[in-house]
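*Asks:* Handing you a structure now.
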Amino acid sequence: MVEINGHLVKWEEGMTVKRLLEIMNYTFPMIIVRVNGEAVNKEEWDTYPVPRGAKVQALHQIAGG
Amino acid sequence: MESAVNRFKQSRKVLAEYTYEPAALVRGYTGKTLFVDLSTGLIKSKEVTRTMKDIFIGGRGFGLWYLWQAVNPQTKWNDPENEIIISSGPVGGITQYPGAGKSLVVTLSPLTNSVIDSNVGGHFGPYLKFSGWDALEIYGKSDKDVFIIIDGDSGKVTIEEAVLDTTACHLISEILTEAFAHSESDKKNISVVSAGSGADHTLIGILNFSFYDPHRKVVRLKQAGRGGTGTVFRDKKLRALVVRFSGLKAKSNNPADFERIVAAGKRINREIRELDDVQNRMRQVGTASLLTVMNDYDLLPVHNFQYGSHVDGPKISTEVFRSRFTQNVFDGCWHGCTLSCCKAVDGFELKTGPFKGEKVVVDGPEYENAAGLGSNCGIFDPDCIIEANFYCDTYGIDTISTGTLVAFIMECYERGIINKEITGGLELNFGNKEAFMELIHQMGRGEGFGKIAGLGVRRMKKIFSEQYGADSNFLQDIGMEAKGLEYSQYLSKESLAQQGGYGLANKGPQHDEAWLIFMDMVNKQLPTFEDKAEALHYFPMFRTWFGLQGLCKLPWNDIEPEDNKQTDEPAKVPAHVQNYVDIYNGVTGQNIDKDELILQSERVYNFQRVFNLRMGFGTRKDDAVPYRSLGPVTVEEYESRAERYDSQLKELGLNVEEMSTGEKLKALRKHREEMYEKLVDVVYQRRGWTKNGIPRLETLRRLGIDFPEVVAVVEKHL
């Protein structure tokens, strides 16, 4: 499993940040991602691996309305 | 059009006149308020006192202070003593920083019977100020339809009667702009405030504030939408307000430190230029940027807030509306607003109603309109949403309340609580576009079931239970209003903080106080009650500040600096908070910091809470919310998100496998209602209020609003 914003998600072999965000349907354009505390730039989401047991924070920069 | 303009001009008759020397602006203030008594025809100038500037700042604060003086606890919205106050604020009218042209409207609301404030764009507020008036205070009632004309160029105010051939706001604004402009290039110097026929026939009437769009060569409208301000306006027999001011300059506000304002403006304008296209695309789609996101995150209200997304959501997505909005034109509702978000659909051919077949410019739809008039009513047709948006505006009824009350009616219709006999033949199922549009036309005309609908959700709940035998408890659960005001268009079920954001809002459930759904529900940045309470202190106070200054909220966080993510508190957008400190100090010559900024708001916010108390509500029981804002009311709502709710019950130690859906609903409800009450406790404590929601005397003293008449109101409740 991996944890993202407090939700547990089944880990997949070769899981990337992009794949994890797809599973969560996180489509908002302004998200800051940290994997085990390390910031991951948007350009790296395609390839950046999410290890089994990782704790991921996807901070949506929105306070709209 | 020409004949209507001529008839208006030829029929003008001055009933009262006042001439004045427009006061020079000093650091954002003129120091004068224009007082008009429609009962007697008295027009006079009032001094703006030092206390007003120090404690109430301007805008909404001035409105609250004047209204407090005018009314007593027995005053009703349609008494002559009820006033409409329009004021911008000291920063309002600057052109170097985006979003600085707002007007604040304050009055007693026909929906809530207490204070309502509404923040609106267009040019009226700044032109009023540059014409010599920090505020316009309208008292009394006329016995015939009248206009108030403020000529800031010649220094003359008149109350007039005249023939106006229409009650449609888009035409009223056009006719009056034509009538008072000396030439095409002069039209930009005119701003009109009008209410339409819907304000005569409903309690959700709005005020349309105009500005002339020189690119399209049309008059555009922005709406003071919430709480029935237009209904009060028409009750006073006001047809329209007109202001003309033709001397706008970069330094019209006569600021103390112009360069400081310019520097802040340069910073944010660069961000907008470089980052808006990769952030929220406000210049392309305005607040409709939220539509796709809300549907994806299960937050878009669907079928009277039952659900948060719909398979047809993509039919009314951000991209769909982007394709309808005219691109690459300046769409700012005040000069210098580079965020330019008031998008419009040009050349839209109407299919229904009195203007059927005509091609019009439609202001919007913004997010609230598309969600309220769209998904919440089961309408997933962008053309129908645009059409409904146009007619709501020109009839002068609130798109947000309309969306929420029609959604309520549709659910009642589908559940058999009301039927075709009651609706006068309208088959008001979710998604029935023809019936939906006809109901809006009926509200505009004051006919048929539209007269009932226009009373709002709270009164309909009473009518449906008393006259048609509906279960009043069920209606209370599904009728999305609090304090008498209809909810705005976000699903709050999964965000406790947002439930408080709506339920604890002074004027009723409008999201302009706090919008915490993502921080709370998605980002999980507010894990404890104390975290949520802190957010429900800071953000409502911070957002209140915009309404004191004549500012728009959107440039605060709908564009963000590139390095915002590296700051300690990105949700507050610290660099932009500093910009606001800079432009306030730049205009007024004061030296506040970000903490004093919050204090300015806290004073006015607490004063408004006490004002509610004075008008008979404002205690804990009035912060109660319909259960649908907290969780699923019906079996089908629960089962549509069963996995989510089941897992929450499991976390509470319940064995869901052995429970029926009814039992699970009951258990979840008990839990969520307890959570809400606990949140209320913690927020009250953070705000310095008692357990019954009353500001403590020490809170009033700390804020410097312990005036004898304020203390007297509070002491009755302690």
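The values are calculated or read from the model by the stated rules, or taken from the named source; none is laboratory data. Quick caveat, the model's predicted, so the values are computed rather than measured. Cβ: placed from backbone, ideal geometry, glycine included. Neighbour counts: every protein chain shown. SASA here: full protein model, heavy atoms, side chains in, ligands and nucleic acids out. Shrake-Rupley method; radii C 1.70, N 1.55, O 1.52, S 1.80 Å.
*Asks:* Just to be sure, is B:ASP568 assigned by TED's automatic domain parsing to the domain that holds B:PRO708 and either free of Cβ contacts under 8 Å to residues at least 24 places away in the same chain or open to solvent by 10 Å² or more (accessible area, probe 1.4 Å) (or both)?
*Replies:* No: the conditions fail for B:ASP568.
*Asks:* Can you name the number of the only condition in (1) modelled with pLDDT under 95; (2) among the β-branched types (Val, Ile, Thr); (3) closer than 15 Å to B:PRO555 by Cα that B:ILE268 fails?
*Replies:* With respect to (1) modelled with pLDDT under 95; (2) among the β-branched types (Val, Ile, Thr); (3) closer than 15 Å to B:PRO555 by Cα, B:ILE268 is out only on (1).
*Asks:* Tell me which residues, restricted to the range B:494-520, are within 9 Å of another protein chain (Cβ to nearest Cβ) and open to solvent by 10 Å² or more (accessible area, probe 1.4 Å).
*Replies:* B:HIS511, B:ASP512, B:MET519
*Asks:* Still on this model: Give me the strands (runs of 3 or more DSSP E) completely within the range B:152-265, filtered to those with at least 2 residues that are open to solvent by 20 Å² or more (accessible area, probe 1.4 Å) and assigned by TED's automatic domain parsing to the domain that holds B:PRO90, ordered by residue number.
*Replies:* B:156-161, B:218-224
*Asks:* Still on this structure, please answer the following. Restricting to the range B:527-545, give me the number of residues that are farther than 25 Å from B:PHE617 by Cα and more than 12 Å from chain A (Cβ to nearest Cβ).
*Replies:* 4
*Asks:* On to the next question. Looking at (1) surrounded by 22 or more Cβ atoms within 10 Å (Cβ to Cβ); (2) within 14 Å of chain A (Cβ to nearest Cβ), which is the one condition that is false for B:GLU643?
*Replies:* Of (1) surrounded by 22 or more Cβ atoms within 10 Å (Cβ to Cβ); (2) within 14 Å of chain A (Cβ to nearest Cβ), only one is false for B:GLU643: (1).
*Asks:* Follow-up question, since we're still on this one. Is it true that B:GLY396 is open to solvent by less than 30 Å² (accessible area, probe 1.4 Å), in contact (Cβ under 8 Å) with a residue 12 or more places away in the chain and closer than 30 Å to B:PHE233 by Cβ?
*Replies:* Considered against the rule, which asks whether it is open to solvent by less than 30 Å² (accessible area, probe 1.4 Å), in contact (Cβ under 8 Å) with a residue 12 or more places away in the chain and closer than 30 Å to B:PHE233 by Cβ, B:GLY396 comes out as yes.
*Asks:* Follow-up question, since we're still on this one. Here are some conditions: (1) within 12 Å of chain B (Cβ to nearest Cβ); (2) more than 24 Å from B:GLN498 (Cβ to Cβ); (3) in contact (Cβ under 8 Å) with a residue 24 or more places away in the chain. A:ARG19 meets all but one. Which one does it not meet?
*Replies:* (1)
*Asks:* Turning to a different aspect of this structure: When B:TYR139 is evaluated against the numbered criteria (1) open to solvent by less than 20 Å² (accessible area, probe 1.4 Å); (2) closer than 15 Å to B:ILE85 by Cα; (3) not small (Gly, Ala, Ser), which criterion, by number, is the only one it fails?
*Replies:* The number of the failed condition is (1).
*Asks:* Which residue is most open to solvent (accessible area, probe 1.4 Å), if the candidates are limited to the range B:308-336 and must be closer than 28 Å to B:ARG216 by Cα and small (Gly, Ala, Ser)?
*Replies:* B:SER323
*Asks:* Could I ask something else about it? Out of B:ARG27, B:ARG12, which single residue is open to solvent by 10 Å² or more (accessible area, probe 1.4 Å), within 25 Å of B:VAL232 (Cα to Cα), in contact with a helix residue (DSSP H, G or I) (Cβ under 9 Å, 6 or more places away or on another chain) and assigned by TED's automatic domain parsing to the domain that holds B:GLY121?
*Replies:* Being open to solvent by 10 Å² or more (accessible area, probe 1.4 Å), within 25 Å of B:VAL232 (Cα to Cα), in contact with a helix residue (DSSP H, G or I) (Cβ under 9 Å, 6 or more places away or on another chain) and assigned by TED's automatic domain parsing to the domain that holds B:GLY121 holds for just one of B:ARG27, B:ARG12, which is B:ARG12.
*Asks:* Checking the condition in contact with a Phe, Trp or Tyr (Cβ under 9 Å, 6 or more places away or on another chain) and over 25 Å from B:LYS13 (Cα atoms), which residue from B:SER118, B:SER114, B:SER185 passes?
*Replies:* Selected residue: B:SER114, the only one of B:SER118, B:SER114, B:SER185 that is in contact with a Phe, Trp or Tyr (Cβ under 9 Å, 6 or more places away or on another chain) and over 25 Å from B:LYS13 (Cα atoms).
*Asks:* Kindly check whether there is at least one residue in the range B:176-194 that is touching a helix residue (DSSP H, G or I) at 6+ places or on another chain (Cβ under 7 Å), within 23 Å of B:GLN442 (Cβ to Cβ) and of a type outside the set (D, E, K, R).
*Replies:* yes
*Asks:* Just wondering, is there one or more residues in the range B:487-499 that are at negative phi, touching a Lys or Arg at 6+ places or on another chain (Cβ under 7 Å) and touching a residue at least 40 places away in the same chain (Cβ under 8 Å)?
*Replies:* Yes; the residues of the range B:487-499 include at least one that is at negative phi, touching a Lys or Arg at 6+ places or on another chain (Cβ under 7 Å) and touching a residue at least 40 places away in the same chain (Cβ under 8 Å).
*Asks:* If I ask for residues that are within 14 Å of another protein chain (Cβ to nearest Cβ) and part of a helix (DSSP H, G or I), which ones from the range B:266-284 would you list?
*Replies:* Within the range B:266-284, B:GLU271, B:LEU275, B:ASP276, B:ASP277, B:VAL278, B:MET282, B:GLN284 meet the criteria.
*Asks:* Scan the helices (runs of 4 or more DSSP H) fully inside the range B:641-718 and keep the ones with 3 or more residues being closer than 24 Å to B:GLY308 by Cα and among the basic types (Lys, Arg).
*Replies:* Ranges flagged: B:661-687.
*Asks:* Another question, if that's okay. Mind listing whichever residues of the range B:54-104 are in a strand (DSSP E or B) and of a type in the set (Ser, Thr, Tyr)?
*Replies:* Within the range B:54-104, B:SER87, B:SER103 qualify.
*Asks:* Still on this structure: Could you check how many residues of the range B:2-27 are outside any helix (DSSP H, G or I) and at negative phi?
*Replies:* Residues meeting the conditions: 15.
*Asks:* Let me ask something additional. Checking the conditions here, which among B:LYS553, B:LYS565, B:LYS572, B:LYS524 is within 11 Å of chain A (Cβ to nearest Cβ) and closer than 20 Å to B:VAL91 by Cα?
*Replies:* Every option except B:LYS553 fails the conditions.
*Asks:* Does B:LEU491 satisfy being surrounded by 21 or more Cβ atoms within 10 Å (Cβ to Cβ), modelled with pLDDT of 95 or more and more than 19 Å from B:ARG628 (Cβ to Cβ)?
*Replies:* Here the answer is no, as B:LEU491 does not meet what is asked.
*Asks:* Output the residues belonging to the range B:404-436 that are of a type in the set (Gly, Ala, Ser) and either surrounded by 15 or more Cβ atoms within 10 Å (Cβ to Cβ) or touching a helix residue (DSSP H, G or I) at 6+ places or on another chain (Cβ under 9 Å) (or both).
*Replies:* Within the range B:404-436, B:ALA407, B:GLY424, B:GLY425, B:GLY431, B:ALA435 meet the criteria.
*Asks:* Exactly one of (1) closer than 22 Å to B:SER118 by Cα; (2) within 14 Å of another protein chain (Cβ to nearest Cβ) is unmet by B:GLY308. Its number?
*Replies:* Of everything listed in (1) closer than 22 Å to B:SER118 by Cα; (2) within 14 Å of another protein chain (Cβ to nearest Cβ), B:GLY308 misses just condition (1).
Residues checked against (1) of a type in the set (A, V, I, L, M); (2) in contact with a Lys or Arg (Cβ under 8 Å, 6 or more places away or on another chain); (3) open to solvent by 30 Å² or more (accessible area, probe 1.4 Å); (4) at pLDDT below 95:
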| position | (1), (2), (3), (4) |
| --- | --- |
| B:TYR638 | no, yes, no, no |
| B:LEU649 | yes, yes, no, no |
| B:LYS666 | no, no, yes, no |
| B:ARG669 | no, no, yes, no |
| B:ARG672 | no, no, no, no |
| B:MET675 | yes, no, yes, no |
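*Asks:* Among the residues in the range B:285-297, are any more than 14 Å from every other protein chain (Cβ to nearest Cβ), in contact (Cβ under 8 Å) with a residue 24 or more places away in the chain and either in a loop (DSSP other than H, G, I, E, B) or polar (S, T, N, Q) (or both)?
*Replies:* There is no residue in the range B:285-297 that is more than 14 Å from every other protein chain (Cβ to nearest Cβ), in contact (Cβ under 8 Å) with a residue 24 or more places away in the chain and either in a loop (DSSP other than H, G, I, E, B) or polar (S, T, N, Q) (or both).
*Asks:* Being at pLDDT 95 or above, under 22 Å from B:ARG322 (Cβ atoms) and either within 25 Å of the chain's Cα centre (by Cα) or surrounded by 18 or more Cβ atoms within 10 Å (Cβ to Cβ) (or both) is the filter here; which residues of the range B:351-364 pass it?
*Replies:* Within the range B:351-364, B:VAL360, B:VAL361, B:VAL362 qualify.
*Asks:* Please go through the range B:451-473 and give me each residue that is open to solvent by less than 50 Å² (accessible area, probe 1.4 Å), not in a loop (DSSP other than H, G, I, E, B) and not aliphatic (A, V, I, L, M), ordered by number.
*Replies:* Of everything in the range B:451-473, those that are open to solvent by less than 50 Å² (accessible area, probe 1.4 Å), not in a loop (DSSP other than H, G, I, E, B) and not aliphatic (A, V, I, L, M) turn out to be B:LYS461, B:PHE464, B:SER465.
*Asks:* Within the range A:24-65, which residues are more than 11 Å from chain B (Cβ to nearest Cβ), open to solvent by 20 Å² or more (accessible area, probe 1.4 Å) and not in a loop (DSSP other than H, G, I, E, B)?
*Replies:* Answer for the range A:24-65, where residues must be more than 11 Å from chain B (Cβ to nearest Cβ), open to solvent by 20 Å² or more (accessible area, probe 1.4 Å) and not in a loop (DSSP other than H, G, I, E, B): A:GLU38, A:GLU43, A:GLU44, A:PRO49, A:LYS55.
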